[in-house]
Structures are given as C-alpha cells and as structure tokens.
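Peer 1: First the structure, which I've put down as structure tokens, then a few questions once you've had a look.
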Amino acid sequence: ALLLHDIGKGFEEDHSEVVKRLAEELATLLGLGDHERSQLVFLVHKHLVMAHVSQRRDLSDAATILQFVRTVGTVETLRMLYVLTVADTEAVAPGSLTPWKESLLTELYSRSMEELTGAAPVADEGARVEAIRAELRTKLAAGFDAPWLQVQLAAMPAAYLRTTPSGDVAAHLLAVRGFDPRGV
C-alpha cells in the first residue's frame, strides 16, 4: 500500500479509484489471499480518508469518530491506515507533517482505537485520568525531571493511562528520555 497508493495520479479520474483497480489486479498477480487483497485494496482506495477526517472534521464529535471507525472496521486496518497516512503526509515535502497535523492524526487514531477496542471514555473520564496522572507523577518523581514528566504524561492518551501498569509507563518513559533530543 505504501508503494502503490499514489500510482494512479496523472489520470483524469480520481487517482484513488484508479489505484483501487490497479491494486486488485496486482493482488491477483501476486497471489495474495482474500484478507491481504482486501487490506491492500482498502488502504490504497481510502488512503486519504484519515487525513481528511482529522483535518476537516470535529474530532470531539462522537458521531465523527463512529463514522470513521465504521469505515475502517478493525484495529489492524486502523493501525495500517495510520502508518500509511503519516508516511504519506511526511513524504509530500519536507515539513509537511506539521506538529498540528501529527497531533490531529494521533488524536483521531487514539479516539478510534478506544472505540474499536471498547475502551471508549466514560462520563467521569477526565477526573479519572487526572487521578492516574497525579499518581504517576508521585510514583515517578524521583526518576524524572518534573516539567518533562508533566509534558509526557499530558501527551499520553487516556486509554494508555487506564490500561498500562505504572512500571510499564516508567519503562516507556525511560525509553523516550533516551531518544536523541534533536528528534527521531
């Protein structure tokens, strides 16, 4: 899907429709199974949907998330579409994957993952997640710089905080702290 998604450009017809037909033919030539075929065809045909939804729709609207999740269908497909969308956006030109676009894509991914996995927020979600963050700040204060830890915890999705043991969060934060500060 990463290699094929834009090969339909240059035709009068919408390139997503052209590449859909090409992917179907290629899947046959490569002898892909039904599942791999349907994933490839979906990804190339719908490779713009995540960028469009994240940048043009209200991500706080549950109906927007539900409609997107119905389009994507599965956790596996959501993961692949997210990777394809981020890679495609980054490949357009240097700097095209702005922090704003990245945050919108990540928010759509996180909210959609919560919906697909049944871990969607409940009514008292905000207070519950803040309590988890406060507990983690206390537990991890000795090992991390407080302002850095605050930024990291604020960026973590609610579903991650609700489902990940504090020891695993600490291990993940250690890994993040080890990244080159100039960026990945």
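The values are calculated or read from the model by the stated rules, or taken from the named source; none is laboratory data. These figures come from a predicted structure and were not determined experimentally. Here Cβ is always computed from backbone atoms with ideal geometry, including for glycine, and neighbour counts include all displayed protein chains. Calculation scope for accessible area: heavy atoms of the full protein, side chains included, ligands and nucleic acids excluded. Shrake-Rupley method; radii C 1.70, N 1.55, O 1.52, S 1.80 Å.
Peer 1: Sorting 65, 7 by accessible area (1.4 Å probe), largest first, what list results?
Peer 2: Per-residue accessible area, sorted high to low, gives 7, 65.
Peer 1: At 0.36 nm per residue, and after removing the present C-alpha to C-alpha distance, how many nm does the segment from residue 48 to residue 148 gain when stretched out fully?
Peer 2: 32.6 nm
Peer 1: I would also like to ask the following. For 100, 148, give me the order by solvent-accessible area with a 1.4 Å probe, most accessible first, ignoring ligands, DNA and RNA.
Peer 2: Most to least solvent-accessible, the answer reads 100, 148.
Peer 1: Using helices alone, what [θ] at 222 nm do you get for the chain, with -39,500 (n - 2.57) per DSSP H run of 4 or more residues, divided over all residues and rounded to the nearest 500?
Peer 2: One gets -22000 deg cm²/dmol as the mean residue ellipticity at 222 nm.
Peer 1: Restricting to Cα pairs below 8 Å that are 6+ residues apart, what does the relative contact order work out to for the chain? Please round to a whole percent.
Peer 2: 16
Peer 1: Please report the carbon-and-sulfur percent of the accessible area for the chain; probe 1.4 Å, protein heavy atoms only, DNA, RNA and ligands left out.
Peer 2: Exposed carbon and sulfur together represent 59 percent of the surface.
Peer 1: Next question, about the same structure. Quick check: net charge around residue 89, other residues with Cβ under 13 Å of its Cβ, Lys/Arg +1 and Asp/Glu -1?
Peer 2: Details: positive: 101; negative: 6, 88, 90, 102.
With Lys, Arg at +1 and Asp, Glu at -1, the neighbours total -3.
Peer 1: In what sequence, largest accessible area first, do 106, 77, 28 appear using a 1.4 Å probe?
Peer 2: Order by accessible area, largest first: 28, 106, 77.
Peer 1: Related question: If each Cα of the chain is one equal point scatterer, what is log10 of I(q)/I(0) from the Debye formula at q = 0.08, 0.12 Å⁻¹?
Peer 2: Results for the chain at q = 0.08, 0.12 Å⁻¹ read -0.34, -0.71.
Peer 1: Still on this structure: Rounded, prolate or oblate: which fits the stretch 77-163 when a ≥ b ≥ c are the square roots of the eigenvalues of the alpha-carbon gyration tensor, with rounded for a/c under 1.5 and prolate only if a/b beats b/c? Could you put the intermediate results ahead of the total?
Peer 2: Values: a/c = 2.92, a/b = 1.44, b/c = 2.03.
Note, shape of the stretch 77-163 comes out oblate.
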